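Beneath this line is the structure, given in C-alpha cells, with notes to follow.
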C-alpha cells in the first residue's frame, strides 16, 4: 500500500519540479526481517523516485550482506538513508523521516541536487573553514515542529564542508541512543559527543556550538 496519497504526490511533484538540477542518489540500508521501519523507508524512497522526474535514483543495500558498503559510508544502524549528489555528501537519516521531517527531506534533496546550501554567506564561510571532523546528531520525533529546522541546519553544514557528518536520528526508533545521550526533549543536538544543546537555534548560534566541539 502506498505511503503517499495522490494529493501528497501532486504537492511533492510541484515542490521538486524545476528545483532538481543534478541527479540525487538515495542510498537506503535495510534488513527486511529485523527492522520495523526498513520496509517503510524503502517504500517511501521508491515512491519519491516515481515522482522525481528522472532526477532521483535509488540504491538499496542489505545491512549485513553489504557490510562493506555500510562500513565505507559509516552506516552503523538501520534503517538508514543517505543522500548523495555530485559529491557523496554526509547527509544522513537514521529512521523514517515522517511527520514534520518529511519536509526537511524534500528540502535536503533539492539542496543536494543543487550542490549548495541555503545558509547565510557569513555562516557558510565559517563552516568551510572547519578543518577537523565533525559529527552532528540531531535527535527528533515525527511530531516535533521545531526539529526539521535543526536537521536542516546540520545537513546544510554537511553540504558545505565534507568533514562534517550530519545525522537525523529518530529518537523513538533508537531508544538506546536516546538514553545514551539523555534525550529528554527534541530537537536535541549532539556534536562530537562533547557538546549538546536542545532547541532549533539560529544558524550562527548553532555554528557556535559546532566550533566549541572542535
| request: Answer yes if at least one residue in segment 160-173 is surrounded by fewer than 17 Cβ atoms within 10 Å (Cβ to Cβ), at pLDDT 95 or above and not in a loop (DSSP other than H, G, I, E, B), and no otherwise. | output: no
| field | Options 72, 116, 125, 98; residue that is surrounded by fewer than 17 Cβ atoms within 10 Å (Cβ to Cβ) and either under 25 Å from residue 11 (Cβ atoms) or at pLDDT below 95 (or both) | value | 116
| request: Determine whether residue 146 is closer than 26 Å to residue 4 by Cα, touching a helix residue (DSSP H, G or I) at 6+ places or on another chain (Cβ under 7 Å) and either free of Cβ contacts under 8 Å to residues at least 12 places away in the same chain or surrounded by fewer than 20 Cβ atoms within 10 Å (Cβ to Cβ) (or both). | output: no
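Taking the stated definitions as given, is residue 3 in contact (Cβ under 8 Å) with a residue 60 or more places away in the chain, more than 17 Å from residue 80 (Cα to Cα) and in a loop (DSSP other than H, G, I, E, B)?
Numbers: in contact (Cβ under 8 Å) with a residue 60 or more places away in the chain: no; more than 17 Å from residue 80 (Cα to Cα): yes; in a loop (DSSP other than H, G, I, E, B): yes.
So residue 3 does not fit the description; no.
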| What is the one condition in (1) within 18 Å of the chain's Cα centre (by Cα); (2) without any contact (Cβ under 8 Å) to a residue 40 or more places away in the chain that residue 12 does not satisfy? | (2)
| Condition broken by residue 170, with the remaining ones in (1) more than 17 Å from the chain's Cα centre (by Cα); (2) over 23 Å from residue 21 (Cβ atoms); (3) in contact (Cβ under 8 Å) with a residue 24 or more places away in the chain satisfied | (1)
| Considering segment 174-192 alone, what residues qualify as being part of a helix (DSSP H, G or I) and more than 22 Å from residue 41 (Cβ to Cβ)? | 179, 180
| message | Looking only at segment 96-119, how many residues end up being in contact with a helix residue (DSSP H, G or I) (Cβ under 8 Å, 6 or more places away or on another chain) and closer than 15 Å to residue 150 by Cβ? | response | 10
| Can you find even one residue in segment 85-92 that is more than 21 Å from residue 151 (Cβ to Cβ) and at pLDDT below 95? | yes
| message | Which pairs turn up if I take residues in segment 194-214 that are in contact (Cβ under 8 Å) with a residue 40 or more places away in the chain and look for partners that are exposed (fewer than 14 other Cβ atoms within 10 Å of the Cβ) and assigned to a loop (DSSP other than H, G, I, E, B) with beta carbon separation below 7 Å, at least 6 apart in sequence or on another chain? | response | 203/120; 213/194; 214/132
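Over 26 Å from residue 117 (Cβ atoms) and modelled with pLDDT under 95: which single residue out of 11, 39 fits that description?
Criteria check complete, one pass: 39.
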| Do any helices (runs of 4 or more DSSP H) entirely within segment 31-137 hold 3 or more residues that are touching a strand residue (DSSP E or B) at 6+ places or on another chain (Cβ under 9 Å) and touching a residue at least 40 places away in the same chain (Cβ under 8 Å), and if so, which? | 38-51, 101-114
| request: For segment 198-212, enumerate the residues that are closer than 17 Å to residue 125 by Cβ and not in a loop (DSSP other than H, G, I, E, B). | output: 203, 204, 205, 206, 207, 208, 210, 211
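The values are calculated or read from the model by the stated rules, or taken from the named source; none is laboratory data. The structure presented is a predicted model; accordingly, all values stated were derived computationally and were not measured. All Cβ positions, glycine included, derive from the backbone under ideal geometry; neighbour counts span all protein chains shown.
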